[in-house]
Amino acid sequence: MNLDTFILSSMEEILCAWEAYARTLLPLNGTDRLELRDHAEEILRAAVDDMRLDQSREAQSTKSLGQGTRISTERTAAEVHALLRARSGFTVVQLVAEYRALRASVLTKFADAGSAGPETLVEVGRFNEAIDQAIAESVSYFAAETERWRNIFLGVLGHDLRGPLNAILMSASLISRITRDEPVLKTNQSVVRSGERMRELLDDLLNYSKTSLGVGIEVHPQEVDVASACKEELSQLSRALPACEIAYEGPEQLLATVDASRIRQVVSNLVINASKYGDVSKPVTLRLASDGAATTISVENFGARISTATSSKMFNLAQRGDDSALELSRTSLGLGLFIVQEIAKGHGGSATSEYRNGQNVFSVRLPAAASVTTD
């Protein structure tokens, strides 16, 4: 008997063995047989269909590299199975173990049946190819599903922490209004600064979660005075970063169609980044300019030149390179520049970094109907 025929004729026996193994992976109390077996039969039947297809050596080589042609755009049984396993609390190791058990069950039972023939070696090879393909599909979808739920969790966490944090900041604000005791006021100011820093981290966390879930960072452009927004944010940053000298160079007024709150977020992230990694004895400079077609916001700081390899991936998520000067602090989520890039993309623009005149320069270019500038 050929292996493909054996699989179809012994389907129930194979499924029972897989079900028994699956029950050992997790405490699946209350899980019925159909749920436990979800898509197992479809996966085996898909393997049999694949084994029965004519396949050239070239097609076999292409498939072994994971470059096989996908026949349908619909999810396969292996992909749906992975989604259900991810939602049931399985780990990727347990998911792969199921396939290992399935493969062993089929091949052991086939060998015990004494059905081997001249084509057995080829048939086993085709079966293994089909199972490997199913594993690849399952792992890919499993990883995507677990990442999606991780981002949902981070989003919920960031959102729910805002309530307690706001209560702390409101209490601190009340204390500052009802007392004139200098030691209390100093302590209270420290609480407020720490609370504002926590709020910035939560904002970054929420923005990351939205972007990772495919929602992207929302922007609501309208004509605003970008110069005013930048200077207001710099004023707040000067109080939050007393050891950092911050300079502004640009027009007194620059009108452009952008999201003012997001622009302030860009300024905050770039200036904080510059203050962390630049030469503390020299100023951080924000330059604002418009060429009529786009508005450019640049933040410059003196310091060691960022390597080309690092510069090329500075705006990627959690990619800071090997430069010791750019190691993440324990209080940083490492999302600042990533958020800057996503805000730029939301405006249809871009974010870049370069080394110029002894300074590291981070720039955001925002195509907009920038129109009026006055000195």
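The values are calculated or read from the model by the stated rules, or taken from the named source; none is laboratory data. What you see is a predicted model; the values in this text were computed from it and never measured. Every residue, glycine as well, gets a Cβ built from its backbone with ideal geometry; the counts of neighbours run over all protein chains shown. To get the accessible areas, we keep the full protein, side chains included, count just its heavy atoms, and leave off ligands, DNA and RNA. Shrake-Rupley method; radii C 1.70, N 1.55, O 1.52, S 1.80 Å.
Any chance you could count how many residues in the stretch 247-280 are more than 26 Å from Ser307 (Cβ to Cβ) and surrounded by fewer than 19 Cβ atoms within 10 Å (Cβ to Cβ)? It would help to see each step written out before you state the result.
Applying the first criterion (more than 26 Å from Ser307 (Cβ to Cβ)) to the stretch 247-280 yields 247-265.
With surrounded by fewer than 19 Cβ atoms within 10 Å (Cβ to Cβ) added as a condition, the list becomes 247-249, 251-253, 257, 261, 264.
Result for the stretch 247-280: 9.
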Scan of the stretch 96-131 for residues that are open to solvent by 50 Å² or more (accessible area, probe 1.4 Å), part of a helix (DSSP H, G or I) and farther than 30 Å from Ala86 by Cβ, ordered by number: Ala111, Asp112, Leu121, Val122
Cβ-Cβ under 9 Å pairs, at least 6 apart or on other chains, the stretch 216-229 side free of Cβ contacts under 8 Å to residues at least 40 places away in the same chain, far side β-branched (Val, Ile, Thr) and crowded, with 18+ Cβ neighbours inside 10 Å: Gln222/Val258; Val224/Val258; Val224/Ile263; Ala229/Val258; Ala229/Ile263; Ala229/Val267
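A quick yes/no check of all residues on (1) assigned to a helix (DSSP H, G or I); (2) surrounded by 15 or more Cβ atoms within 10 Å (Cβ to Cβ); (3) modelled with pLDDT under 80; (4) not basic (Lys, Arg):
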{"residue": "Ala172", "(1), (2), (3), (4)": "yes, yes, no, yes"}
{"residue": "Ile175", "(1), (2), (3), (4)": "yes, yes, no, yes"}
{"residue": "Leu201", "(1), (2), (3), (4)": "yes, yes, yes, yes"}
{"residue": "Leu206", "(1), (2), (3), (4)": "yes, yes, yes, yes"}
{"residue": "Ser209", "(1), (2), (3), (4)": "yes, yes, yes, yes"}
{"residue": "Gly214", "(1), (2), (3), (4)": "no, no, yes, yes"}
{"residue": "Glu218", "(1), (2), (3), (4)": "no, no, yes, yes"}
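Quick check, is Ile152 surrounded by 17 or more Cβ atoms within 10 Å (Cβ to Cβ) and of a type outside the set (Phe, Trp, Tyr)? Talk me through it step by step, then tell me what you get.
Values: surrounded by 17 or more Cβ atoms within 10 Å (Cβ to Cβ): no; of a type outside the set (Phe, Trp, Tyr): yes.
The answer is no for Ile152.
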Residues of the stretch 77-95 classified as part of a loop (DSSP other than H, G, I, E, B) and either basic (Lys, Arg) or open to solvent by 40 Å² or more (accessible area, probe 1.4 Å) (or both), total: 3
Lone unmet requirement of (1) at pLDDT 90 or above; (2) surrounded by fewer than 21 Cβ atoms within 10 Å (Cβ to Cβ); (3) touching a Pro at 6+ places or on another chain (Cβ under 9 Å) for Pro283: (3)
